[in-house]
Amino acid sequence: MKERHWWLLFIIAAACIIVTLAIHMFLMHMGTVLGWLGITVSDPLAWESTLARSKQIGMAIILFVLLTAGLFHGLYGLRGILIEWIKNPVAQKAITWLVAIFGVVAYAWGLVVLFGVYTMGG
Amino acid sequence: MEKGNVKTLPRSLGIRGWIWAGRYGLERWAYLFHRITGLALIIYLPMHLVVTGLRLLGPGPWEAFVRFSHHPVVLFFEWALMVAFLYHAINGFRLLLTELFGLSIGKPAHPHIPPHTSLKRQRPFNIVLMVLGALFIVLSVLDFFVWR
């Protein structure tokens, strides 16, 4: 893939994040405002309610999209800043690989968490 | 202008160029804050993945962390991050609409300085979005420090 393809993915990821993160943030932080609209939300950080949320298939899909797009968008942005700062081509290549490896590890961990909580008993 | 009198800037200013590279317009500040808030968010995301992963260990570690997160200092940093998120989201929304879909750019025309579209359409749009952002920041203050 050429750089412009990664860039396009970066922008598409941004569009995905705007939708999914808006939902995530509204549920986590705008409980009072949602209450005014007649939607009751229980304490979003309580153990039972985090579990109930993560076990809904719709929410799991939203979080999956958010994890995928968020990690890619964030790490590609970080790489962009780093290689703009450090000019040495060898170092730039190393940065790209380090960021990519970090991304794969973080993504694997994120999937373990998502799937683990989704299939958790109780 | 004579060549000797012109102070030329290097082609790339590196990190220092973020802070100052001449007279900045509103959009240039918007770009600078977009980068700084972006860095804050990508530092936060892996920590968020670790913390939400605590749930795999059962309710004990999770509830201990939630209690820790109610500490005023932690709460303040979380709120600062919320402001970074709101800015990055709303400014990013503007960038998507303008740069990907060409909203408010208009049809090609003869060059005109200053460009009509940037001052008469893009900047007002930017300001409207920033007002919206300020509104959300007020809501976030209520969410973090009042409604609890």
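The values are calculated or read from the model by the stated rules, or taken from the named source; none is laboratory data. Here the structure is a predicted model, which is why all the values come from computation and not from measurement. Ideal geometry is used to build each Cβ from the backbone, glycine not excepted, and the neighbour counts take in all protein chains shown.
Structure above, values below:
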| read-out | value |
| --- | --- |
| Some residue of region B:102-110 being facing another protein chain (nearest Cβ under 10 Å) and at pLDDT below 95 | no |
| Test: B:ILE113 is within 14 Å of chain A (Cβ to nearest Cβ) and either loosely packed, with under 11 Cβ neighbours inside 10 Å or touching a residue at least 40 places away in the same chain (Cβ under 8 Å) (or both) | no |
| Single condition A:LEU45 does not satisfy, out of (1) at pLDDT 90 or above; (2) in a helix (DSSP H, G or I) | (2) |
| Extreme residue, nearest to B:LEU56 (Cα to Cα), among residues of region A:82-122 that are touching a residue at least 24 places away in the same chain (Cβ under 8 Å) and outside any helix (DSSP H, G or I) | A:MET120 |
| Residue match in region A:13-20 (condition: within 11 Å of chain B (Cβ to nearest Cβ) and not in a helix (DSSP H, G or I)) | no |
| Number of positions in region A:63-95 that are closer than 13 Å to B:ARG35 by Cα and of a type in the set (Gly, Ala, Ser) | 3 |
| Residue list for region A:55-111, restricted to those being at pLDDT 95 or above, basic (Lys, Arg) and surrounded by 13 or more Cβ atoms within 10 Å (Cβ to Cβ) | A:ARG79 |
| Residues (within 14 Å of chain B (Cβ to nearest Cβ) and of a type in the set (S, T, N, Q)) located in region A:68-104 | A:THR68, A:ASN88, A:GLN92 |
| Subset of region A:21-33 [in a helix (DSSP H, G or I) and either within 11 Å of chain B (Cβ to nearest Cβ) or under 14 Å from A:THR68 (Cα atoms) (or both)] | A:LEU21, A:ALA22, A:HIS24, A:MET25, A:PHE26, A:MET28, A:HIS29, A:GLY31, A:THR32, A:VAL33 |
| Single residue of region B:116-126 satisfying the filter (charged (D, E, K, R) and surrounded by 15 or more Cβ atoms within 10 Å (Cβ to Cβ)) that is farthest from B:ILE90 (Cα to Cα) | B:ARG121 |
